[in-house]
Number of protein chains: 4
Amino acid sequence: MLVRMNAEATADQIGAMRKHLRSLGYETRRVSIFDEPVYSALPEDDAQPVKVDAIEGCAALIPASPTALVSRATRPQGTRVRVGGVEIGGDEFVVVAGPCSVESLDQLLETALSVRAAGAHLLRGGAYKPRTSTYSFQGLAKKGLQMLAEVRERTGLGIITEVIGPEDVALVAEYADMLQVGARNMQNFPLLKKLGKIGKPVLLKRGAGNTLDEWLSAAEYIVARGNDQVVLCERGIRTFETYTRNTLDISAVAAIHELSHLPIMVDPSHATGKRSLIESGARAALASGADGMCVEVHVRPDESVSDRDQALSPEAFDRIMKGLRPIASAIGRTMSHHPAWELSATPAAVTV
Amino acid sequence: MLVRMNAEATADQIGAMRKHLRSLGYETRRVSIFDEPVYSALPEDDAQPVKVDAIEGCAALIPASPTALVSRATRPQGTRVRVGGVEIGGDEFVVVAGPCSVESLDQLLETALSVRAAGAHLLRGGAYKPRTSTYSFQGLAKKGLQMLAEVRERTGLGIITEVIGPEDVALVAEYADMLQVGARNMQNFPLLKKLGKIGKPVLLKRGAGNTLDEWLSAAEYIVARGNDQVVLCERGIRTFETYTRNTLDISAVAAIHELSHLPIMVDPSHATGKRSLIESGARAALASGADGMCVEVHVRPDESVSDRDQALSPEAFDRIMKGLRPIASAIGRTMSHHPAWELSATPAAVTV
Amino acid sequence: MLVRMNAEATADQIGAMRKHLRSLGYETRRVSIFDEPVYSALPEDDAQPVKVDAIEGCAALIPASPTALVSRATRPQGTRVRVGGVEIGGDEFVVVAGPCSVESLDQLLETALSVRAAGAHLLRGGAYKPRTSTYSFQGLAKKGLQMLAEVRERTGLGIITEVIGPEDVALVAEYADMLQVGARNMQNFPLLKKLGKIGKPVLLKRGAGNTLDEWLSAAEYIVARGNDQVVLCERGIRTFETYTRNTLDISAVAAIHELSHLPIMVDPSHATGKRSLIESGARAALASGADGMCVEVHVRPDESVSDRDQALSPEAFDRIMKGLRPIASAIGRTMSHHPAWELSATPAAVTV
Amino acid sequence: MLVRMNAEATADQIGAMRKHLRSLGYETRRVSIFDEPVYSALPEDDAQPVKVDAIEGCAALIPASPTALVSRATRPQGTRVRVGGVEIGGDEFVVVAGPCSVESLDQLLETALSVRAAGAHLLRGGAYKPRTSTYSFQGLAKKGLQMLAEVRERTGLGIITEVIGPEDVALVAEYADMLQVGARNMQNFPLLKKLGKIGKPVLLKRGAGNTLDEWLSAAEYIVARGNDQVVLCERGIRTFETYTRNTLDISAVAAIHELSHLPIMVDPSHATGKRSLIESGARAALASGADGMCVEVHVRPDESVSDRDQALSPEAFDRIMKGLRPIASAIGRTMSHHPAWELSATPAAVTV
């Protein structure tokens, strides 16, 4: 349910409304998506029916569909999300690149410099890794976050890293420019609720077994709590085909653009799981209208501790980027370089 | 990796081994599944290589596959899990029944009495609900747990309830006899890790988009941390067929029995999503060798706040149970009644 | 469209109706499912609109849904199909067994005798094999049909064999008691059309990628042409799970029973693709209400030229049958032996 | 099995080899893909083992994998297929457009002129329609073929039309420039066998439930019989996602290019089933490296008798084509106009 207050509602009236709704079992959050004072009323434990008359200054109580706030109709012009000096959802085709896992400062820095040189805008790297096997490397955790921050200092690249539980959100948000929700956690609702209340953008990957509708409903969990800086990322769905790791649902790009105002990126690395197929997926992503892409690049792919088969070498990544530029021009998108891209190393932080 | 210590290893040696491994970046846990002193060594942040010579009293370092401990070969005789006075994995076909959500004390108590009378062994009911929509009822949380405990007092039925995040494990474990991991959280690894360290059994539902192998690897997360009281529950997988909510993968029952020593139950309610198809699914589950089933029963199905289409009335549940008994006899399984089943109400706790 | 003629419509009126509809581009066929004179009008090339007034003796023109004739409502009591002396759709749980491919007279006869002894009612065996690879054995064709007929003579078992193209229907129908449409041909419409016009029953397997609705629509192709002797056979659908060859959609049994009056069997051999899982699937099929099952049995499974991994030995088949009998009793179904089951060989044809 | 004869093998030796193999149960066909005299030996009924010594002039008997002839390694430079004056598999991005069904000469001609003007190279239109419902329009059959031929006369566009059974191959081949095998018939082996022996190119659509490997094995059925003029067409696979009719497996384009030498096209109309998503799919197809695309265009989309939701208007098609041209240039592909494209009508046949 959404609560629309009168434009001239006083702070006292808003405070009273929130107190009243809390007493009825709702959490209320200001919805950033509207200029008007609209609040989401989100049921907690035994939420009771609400009456509009009982709320002074209330213009309307609006029943909300599971995707009310993320629907295209709510913000026809689209949402733009700013991360590390770049805007996702505008003309720029934003490229996020980096290793699957943060392994060491050297590995991360070398990779970062190479992807920056090739035209990447943001650096990705996992410090918390959700691994199928409990015996596998689980990520460097806080040490990994610190390395990411260090490499941001030295390259100027904003960083995107995954958070796998609500208890880690505060820590990860301290270091990252954008927090990633992985495919396995798309419906980790306590995590989504937490991410709705932070001041950092979120990259929400699609669950491999989830429909577009469920995906948008998951994004609504975040947006309804006041954080509209959400970018969706299609990374392949699970089908009967086994030649590829997943099946890249390329139609999701246009479908999400017609259903929602949120930007959408594509991750051809996870979608295909095979180095040789990433370029084709990247081109399809760009041509189909995606607002950007995430790819896995490792300075020494064959030493990668995770997702080795889909890690690109810096050279392969550079070649792919060179191939994308003319397509971007052809469809009216830009692929700018990072301001510091020509520096082989950056002594101090670069402000972008 | 598993660390097998000599049978005569001293407490000091074990303490030294654990300290040494911690210094190399591993968490160690005694593995309950073996009589011998075997410890799992689970990588945390930057785990370093381990040498057997460096550990006094160590018999062997054993590389572990993702499903090493849950594999049938590890415990050929099978695991039995005791919950609320009943044993899962033995001859008894264990029936878990109850509402999708705990809605009120009355609803829960009435439902509990009716399912107990019909032959259910354990009561299910959700206090924390993972809901697709953020605007839907999210469960009564702690109040729901308290109602469950109250109803256990008055019916003697052990209770099973879902936990949706690691931060709730301690609280839920205080009230529940068995903690359920829902399909959406099958790969919520921080949650699984927490559940590996509690002294309560766990019901691990299969993710709708997950393979048998991933499912067993998820169970390994729990078992490797010392908790071998894990029951698997097949609840339907996501396929192209839309007539049913999910597709009940009935072959998973025999497949899990050949792959693993853990018991497996079937949830025909979520698998089909349709009242009219639950009986058939329940019969298939029993006949195919499942160790039990979970079904949703509501004293007034059409008033159910969630999963209405798949909620059985007490009468329908009773009819299904009556139809299952001869099949159970035919295949050599028992379906006993709860000791208190004929009481219309139980003034005080019944110890089973 | 269905054309319902008046009960007292004359042969001349019916002839005129058919001639008129043909001129408008429809094929008409008497629908065997009704006692009343109902005809299906099936569009060919450029079918034109029809007016009821233009047809003397016509009671009504009824727009037909894609599953009009096969719907449960059309024949609530269910359809029974007689094949080789046994009735499918009644109390008997009908068992079809035999090799994937007919390989030789000896192989077929030995297998037939063993499955008859264990309680099978009908013999299956492929003479025309749809093979993924063009270099694989494609079946013995007519020679295979002749062997099947020979073995029927010597065992009394009715035979079921696959037909893979409309051009073979006449020949196969000469030999077989029931014609099987394989999963790959479920929507081979020219084949279905041909099968609608023969006087032999049809076993219609579900396509691995087809919904229940498409399956019933395919059956309608046959029934609308006058042949209501159709039995459906669930044989697993294609999903992401790879441990089994397909995923046995056990809920399809109850679903088809509520949607349609046609009998439904289950093929646990193709559904699982693994010998060790067939028994569990067979039990689930029986318990869930299937009208019978088809299983692959080979007198020397490891020499089978096709589908080796799912071929049961005669001993395994016998053990499975013994395990099914008590379940059948428990749910009120019969599993009779073939009249000649105790004979080790049958000098002449046995009439059942 | 493949039979490689010596380069200098005489016609007599080849004749003797073929006679010998026939006597052993094989059909032999000259494989057009090699310059050397290589023959496929395709088992029929009870094929017997072959010995190389028994064949005079035989260089080698080569066991063949199910995709031996269609594999990229067999013809690294790729196959080019000529249809109606255009070459598929070269630099040109070949566009096939036209209505789902041929409905009338006017509808077809108007549509043909409009798609030719917008840049289509070939005209598609179904005369034989495989329809889920037996009561639906089944196509104009021979009349439809005649209309297609008439429109080819008047527009110069080569025509592609579907054949749904082996019995129609000869007739369809008389009229069409390229014969299409629809998704439902991808494994209709009698049909594929027939198509291997005609002198016309074949467009082989992927089955909605079939893997890449099965698809290539189906193509091998055709190529092994002497017809290497096969073009593959990805048209979406069946998954759990319901927003789109199918899921366009865009990675199949690059995957097929690495696995096989056959050209591959994409059909974004069937893949998405929604007009609004076709442009995005078409762009993805082109950018990902497809050799062409097939789209459904109807001069009055809302009057289309079949697949209405995915039919493009001529204006929409023209807009899509205009958007594709710069992308084609960017990746080094051409999109030429048909020689007669500016004519509003073509009095006589145009030879291209």
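The values are calculated or read from the model by the stated rules, or taken from the named source; none is laboratory data. Worth saying up front: this structure is predicted, and the values here are computed from it rather than measured. In this analysis, Cβ positions are derived from the backbone assuming ideal geometry, glycine residues included, and neighbour counts consider all displayed protein chains. All accessible areas refer to the heavy atoms of the entire protein, side chains included, with ligands and DNA or RNA removed. Shrake-Rupley method; radii C 1.70, N 1.55, O 1.52, S 1.80 Å.
Could you list, in sequence order, the residues of segment D:202-215 that are aliphatic (A, V, I, L, M) and within 10 Å of chain C (Cβ to nearest Cβ)?
D:ALA208
Can you say whether B:GLN180 is surrounded by 23 or more Cβ atoms within 10 Å (Cβ to Cβ) and under 15 Å from the mean Cα position of the chain (by Cα), as far as the supplied structure shows?
yes
Have a look at A:GLY196, A:GLY119, A:GLY126 and point out the one that is open to solvent by less than 20 Å² (accessible area, probe 1.4 Å), touching a Ser or Thr at 6+ places or on another chain (Cβ under 9 Å), under 15 Å from B:ASP45 (Cβ atoms) and at pLDDT 95 or above.
A:GLY126
Among the residues of segment A:129-151, write down those that are within 29 Å of A:PRO339 (Cβ to Cβ) and surrounded by 22 or more Cβ atoms within 10 Å (Cβ to Cβ).
Hits for segment A:129-151 are A:LEU140, A:GLY144, A:LEU145, A:MET147, A:LEU148, A:VAL151.
Does segment D:237-246 contain any residue that is surrounded by fewer than 24 Cβ atoms within 10 Å (Cβ to Cβ), within 13 Å of chain C (Cβ to nearest Cβ), β-branched (Val, Ile, Thr) and more than 16 Å from D:GLY89 (Cα to Cα)?
The answer is yes, given that some residue of segment D:237-246 is surrounded by fewer than 24 Cβ atoms within 10 Å (Cβ to Cβ), within 13 Å of chain C (Cβ to nearest Cβ), β-branched (Val, Ile, Thr) and more than 16 Å from D:GLY89 (Cα to Cα).
Might you check whether a residue that is within 20 Å of B:THR111 (Cβ to Cβ), of a type outside the set (Asp, Glu) and touching a Gly at 6+ places or on another chain (Cβ under 8 Å) occurs anywhere in segment B:181-201?
Looking through segment B:181-201, none of the residues is within 20 Å of B:THR111 (Cβ to Cβ), of a type outside the set (Asp, Glu) and touching a Gly at 6+ places or on another chain (Cβ under 8 Å).
Output the residue which, of all residues in segment C:1-16 that are open to solvent by less than 60 Å² (accessible area, probe 1.4 Å) and part of a loop (DSSP other than H, G, I, E, B), is nearest to the other protein chains (Cβ to nearest Cβ).
C:MET1
For segment D:320-332, which residues satisfy the criterion of being out of contact with any strand residue (DSSP E or B) (no Cβ under 9 Å at 6 or more places or on another chain) and either in a helix (DSSP H, G or I) or hydrophobic (A, V, I, L, M, F, W, C) (or both)?
Within segment D:320-332, D:LYS322, D:GLY323, D:ARG325, D:PRO326, D:ILE327, D:SER329, D:ALA330, D:ILE331 meet the criteria.
Only residues that are surrounded by 16 or more Cβ atoms within 10 Å (Cβ to Cβ) and assigned to a helix (DSSP H, G or I): list them for segment B:17-37, please.
Residues satisfying the conditions are B:MET17, B:ARG18, B:HIS20, B:LEU21.
Among (1) within 22 Å of C:LYS200 (Cα to Cα); (2) open to solvent by 20 Å² or more (accessible area, probe 1.4 Å); (3) without any contact (Cβ under 8 Å) to a residue 60 or more places away in the chain, there is one condition C:ALA112 misses while meeting the rest; what is its number?
It fails just one condition, (2).
Starting from residues that are of a type in the set (S, T, N, Q) and within 9 Å of another protein chain (Cβ to nearest Cβ), keep the ones in segment C:255-308 and report whichever is most open to solvent (accessible area, probe 1.4 Å).
C:SER276
Mind listing whichever residues of segment D:43-59 are over 27 Å from C:GLY144 (Cα atoms) and either β-branched (Val, Ile, Thr) or surrounded by 16 or more Cβ atoms within 10 Å (Cβ to Cβ) (or both)?
Hits for segment D:43-59 are D:VAL52, D:ILE55, D:GLY57, D:CYS58, D:ALA59.
Does segment D:202-213 hold any residues that are more than 17 Å from D:THR132 (Cα to Cα) and open to solvent by 10 Å² or more (accessible area, probe 1.4 Å), and which are they?
Matches in segment D:202-213: D:ASN210, D:THR211, D:ASP213.
Against the condition at pLDDT 95 or above and either β-branched (Val, Ile, Thr) or touching a Pro at 6+ places or on another chain (Cβ under 9 Å) (or both), how does B:MET321 come out, does it pass?
So B:MET321 fails the test.
Scan segment D:174-185 for residues that are assigned to a loop (DSSP other than H, G, I, E, B) and within 12 Å of chain C (Cβ to nearest Cβ) and report the count.
Of the residues in that region, 1 qualify.
Out of curiosity, is A:SER40 open to solvent by 10 Å² or more (accessible area, probe 1.4 Å) and hydroxyl-bearing (Ser, Thr, Tyr)?
no
Can you give me the number of residues within segment C:186-201 that are within 9 Å of chain D (Cβ to nearest Cβ), outside any loop (DSSP other than H, G, I, E, B) and touching a strand residue (DSSP E or B) at 6+ places or on another chain (Cβ under 8 Å)?
Qualifying residue count, segment C:186-201: 2.
For the structure I just gave you, tell me whether C:GLU315 is among the charged types (D, E, K, R) and in contact (Cβ under 8 Å) with a residue 40 or more places away in the chain.
no
Just to confirm my filter: which strands (runs of 3 or more DSSP E) fall fully inside segment D:40-128 and include at least 2 residues that are over 24 Å from D:ALA173 (Cβ atoms) and more than 14 Å from every other protein chain (Cβ to nearest Cβ)?
Passing ranges, in order: D:58-62.
Would segment B:158-173 turn up any residue that is away from chain A (no Cβ under 14 Å), under 20 Å from A:GLY165 (Cα atoms) and open to solvent by less than 30 Å² (accessible area, probe 1.4 Å)?
yes
Between residues in segment A:1-21 that are under 13 Å from A:LYS51 (Cα atoms) and residues that are assigned to a helix (DSSP H, G or I), which pairs lie under 7 Å by C-beta distance while being six or more apart or on different chains?
A:VAL3/A:MET17; A:HIS20/A:ALA54
Need the failing condition index for B:ALA316 against (1) surrounded by fewer than 20 Cβ atoms within 10 Å (Cβ to Cβ); (2) in a helix (DSSP H, G or I); (3) in contact with a Ser or Thr (Cβ under 8 Å, 6 or more places away or on another chain), just the number.
Checking B:ALA316 against (1) surrounded by fewer than 20 Cβ atoms within 10 Å (Cβ to Cβ); (2) in a helix (DSSP H, G or I); (3) in contact with a Ser or Thr (Cβ under 8 Å, 6 or more places away or on another chain), the one that fails is (3).
Please state which of the following conditions B:ILE222 fails to meet, knowing it meets all the rest: (1) more than 30 Å from B:ALA73 (Cβ to Cβ); (2) more than 8 Å from chain C (Cβ to nearest Cβ).
Against the list (1) more than 30 Å from B:ALA73 (Cβ to Cβ); (2) more than 8 Å from chain C (Cβ to nearest Cβ), B:ILE222 comes up short only on (1).
Does D:ALA340 fit the bill of being closer than 22 Å to D:ASP177 by Cβ and at pLDDT below 95?
Yes: the conditions hold for D:ALA340.
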